[in-house]
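What follows draws every value from the coordinates through simple rules; no lab data is involved. Please read these numbers as outputs of a predicted model, since none were measured by experiment. Quick reminder, even Gly has a Cβ in these numbers, built from the backbone with ideal geometry, and neighbours come from all protein chains shown.
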Amino acid sequence: MKIILAQPDWNEWVFALKQEAVAQQIDPVLFDMIFNTMNGPDLKILRFEQTQPEHRMTYLEYQHTRADPYKIMLGRREYQKNKNILFDIEHDYPVDPCFVVALWGMESSYGRYTGHFSVIRSLATLAYASQRKDNFRPELFDALKILQQHQVDLDQFKGEWAGASGQPQFLPSSWFKYAVDYDQDGRKDIWNSKEDTFASIANYLIKNGWQNNMPFTIEVNLPAYFDIGLIGKNIEKTVEEWSHLGVVTTLGDPLPYPALLASIVQPYGGPTFLTYPNFKVVLSYNNSIYYAETIGYMANQICGK
């Protein structure tokens, strides 16, 4: 694949970037230390951005790949190992620990794999030559500020190709919004501290509207006459309204929590789900029905619900 790089020239771009960084109180010495060793964008990262997967998985294929029995087994083990700190965090950040562990497992395999790409190199490449330069440029400045605050060492500041890092896989802007120094060591250390990781995930969910002890999704059956135009994560009705349209549980029972807003989603290959407000909160973490449904599945499997 031929990669077409945007203008201006890399060195000119870095020079202008430095002026803006200094205007944002980023240390020019830190900036030079990083960028003097970077001769240009990383073409491998640009290929990742430009390459789209050709095979369309069904939802169940995705679930079986992302939440296989081994990952569930690890999740149960990690839940038991860390349940005391998880319960402490739930007291301060009221989020079901089963969902915290599920997100942790999905994002970094319970901290075992957090990515090997330099966050600064990734974000610099994407801010320079990607199709979403304006999104990645502020992320790059935030990443530099995280380094300047000595929150993480440069050689540990690694993640996936698009710049998310740490055990919860936060972009730098999410680190500033949601990361928590739960162990009170002076760092919001989502790279090495389980306490900070769990609290940061819970804080993310709380700040995006999580309501503890409320439902997530339920599998449903639709009547034969159902209007398929009403299916979609952005179409909301009260559960009572869905019931009046003939939607029932797979056992044929009335839908629970009639006063809550909900959506009907039908991932490719099925099944069909009624999704409650907490489902939308997980979508804010990753705007994929497959992802959010799999998080719910993992949470239930890890905790035996």
Original post:
Going by average Cβ neighbours within 10 Å, how do the peptides 9-15, 168-174 rank, with the highest at the top?
Top reply: 168-174, 9-15
Original post:
Which label marks the calculated value of semi-axes √(5λ) of the Cα gyration tensor in Å, given the options (i) 34, 21, 18; (ii) 39, 24, 17; (iii) 42, 21, 19?
Top reply: (ii)
Original post:
In percent, how large is the relative contact order of the chain, given Cα pairs closer than 8 Å and 6 or more residues apart?
Top reply: 19 percent
**OP:** Return the aspartates and glutamates within reach of Lys44: Cα separation strictly under 19 angstrom, same-chain partners fewer than 8 residues apart disregarded; answer none if there are no such residues.
**Re:** Asp9, Glu54, Glu160
Subject >> the chain: most fluctuating residue of Gln80, Gln149, Gln25 per GNM, C-alpha cutoff 10 Å >> reply: Gln25
Original post:
Within the set Lys81/Lys280; Lys83/Lys207; Lys145/Lys188; Lys18/Lys188; Lys83/Lys280, which residue pairs have Cα atoms separated by over 24 Å?
Top reply: Lys81/Lys280; Lys18/Lys188; Lys83/Lys280
Subject >> region 217-275, relative contact order [Cα under 8 Å, separation at least 6], % >> reply: 45 percent
Original post:
Phe48: net charge of surrounding residues, Cβ under 11 Å, Lys/Arg +1, Asp/Glu -1, itself excluded?
Top reply: -1
Original post:
Among Leu103, Leu123, Leu251, which one moves the most in a GNM of the chain with springs linking Cα atoms closer than 10 Å?
Top reply: Leu251
Original post:
Is region 217-275 best put as rounded, prolate or oblate by its Cα gyration tensor, with a ≥ b ≥ c the root eigenvalues, rounded for a/c under 1.5, and otherwise prolate when a/b is larger than b/c, oblate when not?
Top reply: rounded
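How do Ser263, Ser109 line up, fewest other C-beta atoms within 10 Å first?
Details: Ser263 23, Ser109 15.
Fewest-to-most ranking of Ser263, Ser109: Ser109, Ser263.
Under the classification rounded if a/c is under 1.5, otherwise prolate if a/b is larger than b/c and oblate if not, where does region 256-305 fall, given a ≥ b ≥ c as square roots of the Cα gyration tensor eigenvalues? Can you show the working numbers first?
Numbers: a/c = 1.31, a/b = 1.12, b/c = 1.17.
Verdict is rounded for region 256-305.
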Original post:
Among Tyr276, Tyr110, Tyr225, which one shows the biggest mean-square fluctuation in a GNM of the chain, springs joining Cα atoms closer than 10 Å?
Top reply: Tyr225
Subject >> Restraint check, Lys71/Lys133; Lys177/Lys233; Lys133/Lys237, Cα-Cα greater than 27 Å >> reply: Lys71/Lys133; Lys133/Lys237
Subject >> Alpha-carbon radius of gyration plus Dmax, which is the widest Cα pair, for region 130-286 in Å >> reply: 20.2, 60
